[in-house]
Structures are given as structure tokens and as C-alpha cells.
Amino acid sequence: MIRVAVLSLLVCSWAGLGAAQRPNILFIMSDDHACNAISAYGGRLAEVAPTPNIDRIAREGMRLDKCFVTNSICTPSRAVILSGQHSHLNTVRTLNDAFPGPDSQTPNVANILQQSGYQTVLFGKWHLRSEPWGFDYWKVGPGQGYYYNPVFVSSTDNISYSPRRSSQSARTEGYYTDLVTDFALDWLKQRESDEPFFMMLHHKAPHGKWEPAPRHKSYLADVQIPEPASLWEDFSHRSEATREMGTSISNRLAPRRTMVNDVQKADWPAGSIDMTGMNEKEKTQAAYQNYLHDYLGCVKAVDENVGRILDYLDQAGLTENTLVIYTSDQGMFLGEHDYFDKRWIYEECLRMPLLARLPGVIPAGSVNDTHLCSNLDFAQTFLDFAGVVDAPEIKKMQGRSLRRIFTGDSPVPWRDAVYYRYWMHLAHHHIPGHYGLRDERYKLVFFYSLPLDANLGKGHFRPTTAGWELYDLQEDPHELQNVYQNTEYASVVKRLKARLLQLKQQYGDTDNKYPELMRVRNEHWD
Ligand SMILES: [Ca+2]
């Protein structure tokens, strides 16, 4: 009872909100789901592959158009969401770093909500290498998991969590996206407590390699998926740091991994293509069509299952008091710039979908295309909606609550730029280490192109060519013209470099501890 008394002091700290009015928080996150593949965001796929159930969240709530990930890769993004801290601070800079445990100094929003009286549960993809904590109950697929008949481990299984499948863990018959929704619905249906809940419902889809549910194997089979213009980009505008980096749809970057090669492999999961007799352009087009069909097939099951959850909230009378969030751990290239995968600072993977619904609080059908938001803000947003404003861990977080953005009251002043950093130099998809900023109009990036001390797993990753890029997003929203060398932008470059250093100072990610990085910086700064 003492704990409850203390907590009610905490929870009454904004707008006279009493404990009984604390909303449930349902956080639905898919993996690698680009805004371009959500019809609420418009775009070239909206008509051919609509997502009516996900769109319902936007229609009955808010669509945020400028939400950006701080480090566009799965495991680090999840750690940022839980901790409210940039990767260098929460220590999860790469896929190989484990999220710090309960004895660490790292905040965990689930734990804070649990301490404040929320029931906290987690279903689906965890991908954080260490055992989940801060949850009353969890049931997760270790590592990437399988689309068909996946393995799940739960907090009540008495099997110690491992990012790899344990020999003791059985496979569950069914399709991952359907199963995690079943688990979430089962838990909601058996819930007896009147305490509000915080549920993280994490889909594996549409992460590669793509395997649509059996019922979706012929989804869009006869449909020609529109190509992005930048599939055929001329890369001569790029800096030397990036011109021949990454993994491509076409065979442009072979012998490294390309989608043209992937989809010809006999064991390509959703079916391979015979490209005999095709010229290079035809191969690129065929690989793109195959990739998008598989990817959008996976999205289709996510959308259906979002619909199942929303319908249940309606039936159970929970809609009015549940903050529903839909997002993805980062964006994804769907052939733009001739890329697949993510990791780069470029818009298609920097941008995260963010849809939020809480009837009567978040205006229905609203759109925010002005405020620069981030996954760095999610933890503080949940805590703010939960009325938890005094927890000491909040002082360690680096984001801002989005509550007043969701409700339509602009907080003043808001940030003028977001800071980005990708650490996994050359690992997996051959992308150089880089950092940069994006403001309302521009994006400035420094490709320092060094592995530094990041935990990159197996392999030796050599330094590559460093370079700068600048994009004027007002004139060039698809980033097809790097204007860093254009003298008309000299004053912009100078101003943004100073701002970038300020952001690095503000977030505590200065370069001073890396002499090799300082050397590259000094050689390339001016
Ligand atoms: Ca991801």
C-alpha cells in the first residue's frame, strides 16, 4: 500500500490525471517496415498494396511524418527505444552488443512503468541478446526467429534466455505474425487486473529473408509493383565514401551481395527466379519485383494482425483508454537508390513510421509534418502519458516527450535537428561508419569510414575513403544530388558543421577518445 501511495503522487503530476485514468499503452513495432509500405503515408505503393488496418490508427489518431531513427539498425534501435539514450550511451552500438541488465545504470522504460504500477508484457521479437527485464511476463522469439513454426521462449519456461535457439525450446506450429498476435490477445483476454498495461508487441515481419504466410503466397502475384525513380540513380554525385558502398538490387555492387544474386539462389525462401537470357536491366527489374512481392506479402499479415488487435480493443471496451502506437525499428530501402536493407542516414531508412491513437486526446485524422521526432523520444512519451514525470531515470534520458505533439499542443522550443550515428563500419552490408544531422531542410553527413572500437563480430574491417555529403531536402527530397561541393552551399556547410559539433557535445558523443577519428576529421573537416 505504501508503494501505491507514493505512486499516486507520481501519477497525479500532470493535468490532474488520476491513477484510474492512466491509459493502457499498446506499442506495436514491426521490423524494417518502411513508411513507403504503409498506405497512410501515401507513396508509390499505397494503391497497389494498401494497409487499411494500420491506416486506421492514422485515421483515428495522428500520423507523424518526421520521425527519425538515431542509428538505423535493429538491435541498437530497440535499445534506444527502451532506454531513451543514444547508442553510445546505452552501449548498444551494434548488433553484437547486449542491452545492459537491471543492475546497470541504463534506464529501461518497461521497468519504470512496472515500478509505477503498470502491468508490463512483451511479445514477439526482442533481438537484444540479453534476457528481457522490466516485464511481468514475456514471450519472445530468440534472435531473428523463423517465419514458419517459430521458436518462442517465455519468462515462465525456466529456460535461461539465449539469443540463439535453446535445444530445450520447442517450435510452435503457425506463422510468426499470427502467433505473436494470438499470444497478445490471449494475455489480454485472461487479464484480471484493473491496473493499466504496457504491452510491447513486436513483429518479426517484414524483416528478411521474406516469407509471406501461406495464405499470402500469391498476394499481388499478377501485379507489377511500381519502381522508384532512384532505382536507376546515377551515383556520380555521391562522395567517394559512398559511391560504391552498400548492397544493391542490381548487380552494380557485385561480387558483394546483391538482390539479383540473392533471388537466383535455389534456396531463396519464397522461391527463386531463373534469369537465363535476361540482360542486366531485366535482371534488376525481376529482382526488384521478387523482393517487393515477398516483402509486401509479409506486410500484409502484419496489417491483418493489427486489425485483429484493434478489433479486440473495440470489443473489450479498451479503445477509449489505450494509447496505440504503430512504428518500426527503422525504415528500409525498397529499391530506392538501388539499395535494399537499411543502416544509411538516407531518408528511406532514417525515417520511421509513427502512428498514434488515443481517442479524445489525440485529434483524429491529424498529421504532424513539422516536428523532428525520434525513437529517442518514445520512452519519455510513454512515461508522460502514464503520468510518471518524477522517476530519477528520466534525467538520464536524452529525448523529449511527444505527448504535446500528439495532442496538438506544440512544445516550445522544439529541437531544430536530429543527430544520427551508424557504427557498424563495413559489417554485413558494406556501409561506412558515419554521423550527421538532419534539420528541417538539410542533411549533412560525415562518412569517417573507420571501424573504431565497435563490436563488429567476425572479420577485419579496414578503413575506407572518408567524405562529406550535403542534401537540400527542400529542392531534392529524394537525395539525388549531393551538393556538398557546390559553392552556393558553402555557408550552409559551415553553419551545419558547427551545429553538428554542438549536437555531438550535447549528447556526449564527442570524438576525442578516438585519435584515429580525430586525424581523419582534421584531414577532411575543411
Ligand atoms: Ca530492423
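The values are calculated or read from the model by the stated rules, or taken from the named source; none is laboratory data. Being a predicted model, the structure only gives us computed values, none of them experimental. Backbone-built Cβ (ideal geometry, glycine too); neighbour counts: all protein chains shown. In case anyone asks, the SASA skips ligands and DNA or RNA and just uses the protein heavy atoms, side chains included. Shrake-Rupley method; radii C 1.70, N 1.55, O 1.52, S 1.80 Å.
Label-to-label distance for Tyr146 and Gln315 is 3.0 nm, based on points extended 7 Å past Cα in the beta-carbon direction. Using a probe of 1.4 Å on the protein chains alone, the accessible area found for Ile362 is around 0 Å². Around the amide H of Glu60, modelled in the peptide plane, lie the amide H atoms of Gly365, all under 5 Å away and 5 or more residues distant in sequence or on another chain.
Short to long, the 20 Å bins of the Cα pair-distance histogram for the chain hold 22, 58, 19, 0 percent of all pairs. When only Cα pairs under 8 Å and 6 or more residues apart are kept, what is the percent relative contact order across segment 231-290? Result for segment 231-290 is 27 percent. Among the listed pairs Lys125/Lys189; Lys209/Lys497; Lys189/Lys395; Lys189/Lys300, those with a Cα-Cα distance over 29 Å are Lys209/Lys497; Lys189/Lys395. Once divided by 2.2 N^0.38 Å, the Cα radius of gyration of segment 418-524 becomes 1.09. The mean sequence distance of close C-alpha pairs (under 8 Å, at least 6 residues apart), as a share of the length of the chain, puts its relative contact order at 22 percent. Computed over the Cα atoms of segment 20-109, what is the ratio Rg over Rh, Rh following Kirkwood? Radius of gyration over Kirkwood radius for segment 20-109 works out to 1.05. When all protein chains stay in place and ligands, DNA and RNA are ignored, the 1.4 Å accessible-area order of Glu440, Glu516, Glu233, largest first, is Glu440, Glu516, Glu233. Only protein atoms count toward the accessible area here, which uses a 1.4 Å probe; on segment 375-474, the carbon and sulfur part of that area reaches 50 percent. Between Lys281 and Thr465, the simple label model (points 7 Å from Cα in the Cβ direction) yields a spacing of 2.7 nm. Residues whose amide H lies under 5 Å from that of Val151, counting only those 5 or more places away or on a different chain, are Tyr146, Thr172; hydrogens are built 1.01 Å from N in the peptide plane. Give me the distance between the Cα centres of segment 455-496 and segment 28-99, rounded to whole Å. The distance from the Cα centre of segment 455-496 to that of segment 28-99 comes to 23 Å. Please state, as a whole number in µm²/s, the translational diffusion coefficient that the Stokes-Einstein equation yields for segment 231-290 at 10 °C and 1.306 mPa s, with Rh defined as the Kirkwood radius across alpha carbon pairs. Translational diffusion coefficient: 129 µm²/s. With protein chains left intact and a 1.4 Å probe, residues in the chain average 38 Å² of accessible area per residue. The value for segment 147-210 of Rg(Cα) / (2.2 N^0.38 Å) is 1.26. Here's how it looks for Leu354: its modeled amide H is under 5 Å from those of Leu64, which are all 5 or more places away or on a different chain. Given their separation in residues at 0.36 nm each and the Cα-Cα distance between them, Glu192 and Ile159 gain 9.2 nm when the chain is fully extended.
One Cα centroid belongs to segment 166-232, the other to segment 508-526; the line between them spans 42 Å.
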